[in-house]
1. Which one is surrounded by the fewest Cβ atoms within 10 Å (Cβ to Cβ) among residues in the range 17-45 that are part of a helix (DSSP H, G or I) and hydroxyl-bearing (Ser, Thr, Tyr)?
2. Do we find that ILE66 is free of Cβ contacts under 8 Å to residues at least 12 places away in the same chain, out of contact with any Lys or Arg (no Cβ under 7 Å at 6 or more places or on another chain) and either surrounded by 11 or more Cβ atoms within 10 Å (Cβ to Cβ) or not small (Gly, Ala, Ser) (or both) in this structure?
Amino acid sequence: LMMRDHDADSWMPSIIKTVATENKGIVEIADEVDRHHQFLNSSGNFLKRRENRVKLRIKDIVEEKIRQELWGESRENSLNSSLEKVVLGNLSPYHIAENIIEDFKKNLE
């Protein structure tokens, strides 16, 4: 672990010696987990982290739904039929991408 600056808003975990095969340190680890949970709750970090995870999850869901809508069979075919022009240097990938996006936007209306 890299050493970081510690302030009142950050958690500094304790170093706990354990020997799993001898059941040593198990209670201490559980106590430390409880203390960390209490710290997260009292500092508001638990809800902030949860909120961030939920936000990222929602963004992932939206992006996946848009991706599914965007790449229907007709747009996939349009992309495939344009590939040779891009490979030969007759069209840029950006031009093809803009055409696909414009088609997608038209169909949203």
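1. Top of the filtered list is THR21.
2. Yes.
A short reminder: the numbers here are calculations on the coordinates, not readings from a lab. Keep in mind that this is a model prediction, so the values were computed, not measured. Ideal geometry is used to build each Cβ from the backbone, glycine not excepted, and the neighbour counts take in all protein chains shown.
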